[in-house]
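See below for the structure under consideration.
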Ligand SMILES: [Zn+2]
Ligand SMILES: [Zn+2]
């Protein structure tokens, strides 16, 4: 077991590079934070790109994903009222929700973005399939965007900040929530993979996830619910189960995940005060099965758990711990437990061996 007491990771080096560029830009009287002029008129922050094929692909992908998920969810609600629904549809919903949420938290987030643990190729492929079953775009872009979020949290250049849009313009009122929740997916900026894609573009598991992502969306939204309906009911249950346990479930998982970017940067409590607006939020933690302790996560981004005290439950960390015990994953990074010192400050608990030595 590795105790990750060092909050720094590679994203800090990138952040330092961006700060340096920002300083240079300010010294040259450039507009604050807008460092790369492209396309003549549009400027975007360091680490972002504007327009071109990447932006067209991003817009196309999220247009297809959103249309199908929202269209399928509206049809699911109509179906519930018109034809009703029962345990077959909702048991498939719950099982699918669990699997896709594990894919999001353990896959997209902890494995691909933060490299919380190492694993074998077959296990990596299994995690990639779970990840893409949530259909939130490819693991490659998800992880690169997320690394940019950590490197530039709440600053110009954050991929989905409630403070600045993709071009570095300050946000106000409802647009703060809108941009960090969903708006950022529909502007013409993309994350520069030459900066944030290191260790991703050359990783065969990441590229497997990237290339096969539409197939796993199809399996997750159509094949899995259809087979579930056939196994536990009959052909007449197929359409309802696809709509409810396929599209509506994937849309629910997406909404909860997007809330980590929006709600967890607006509402909740803060234990650590060096990470902008990142907050711990109990409701989001329940719904994400462990990723709602987002302030903790910004303190220890590479940790396999975001719970830092005995009562901060993190079911996805429990899954990683089980896999670690089974020998399926290794070199897992665990944040230390925290406790309050005599001044009421949160401090890491001393590892038992060190505490004994000190005694
Ligand atoms: Zn965050
Ligand atoms: Zn993270």
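Here are the numbers for this structure:
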| read-out | value |
| --- | --- |
| Theoretical gain in end-to-end length, residue 231 to residue 204 [0.36 nm per residue, Cα-Cα removed] | 6.3 nm |
| Cα-based convex hull volume of region 81-163 per residue, rounded to whole Å³ | 125 |
| Anisotropy class of region 105-232 from Cα gyration tensor, a/c 1.5 cut | oblate |
| Kirkwood-type radius of region 292-349, with distances r between different C-alpha atoms, in Å | 12.2 |
| Efficiency of FRET between residue 55 and residue 342 - r from beta-carbon atoms, R0 56 angstrom, step 0.05 | 0.55 |
| Least to most buried among 181, 298 (fewest other Cβ within 10 Å first) | 181, 298 |
| Mean-position separation - Cα centroids, region 238-254 and region 315-330, in angstrom | 28 |
| Cα-based equivalent ellipsoid, the chain: semi-axes from gyration tensor eigenvalues, Å | 33, 28, 19 |
| Ranking of 346, 323 by count of other Cβ atoms within 10 Å, fewest first | 346, 323 |
| Helical contribution to [θ] at 222 nm, DSSP H n ≥ 4, -39,500 (n - 2.57), averaged over the chain, rounded to 500 | -15000 deg cm²/dmol |
| Which of 78, 167, 111 has the fewest Cβ neighbours within 10 Å, and the rest in rising order | 78, 167, 111 |
| Share of pairwise Cα separations in region 239-285, more than 13 Å, in percent | 61 |
| Cα-only Debye scattering, region 191-275: base-10 log of I(q)/I(0) at q = 0.11, 0.15, 0.23 Å⁻¹ | -0.55, -0.83, -1.03 |
| Calculated P(r) tail over 12 Å for region 49-109, as whole % of Cα pairs | 77 |
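Laboratory data are not the source of any read-out in this text; all were calculated from the coordinates shown. Here the structure is a predicted model, which is why all the values come from computation and not from measurement. Don't worry about glycine lacking a Cβ; one is built from the backbone with ideal geometry, like all the others, and counts go over all protein chains shown.
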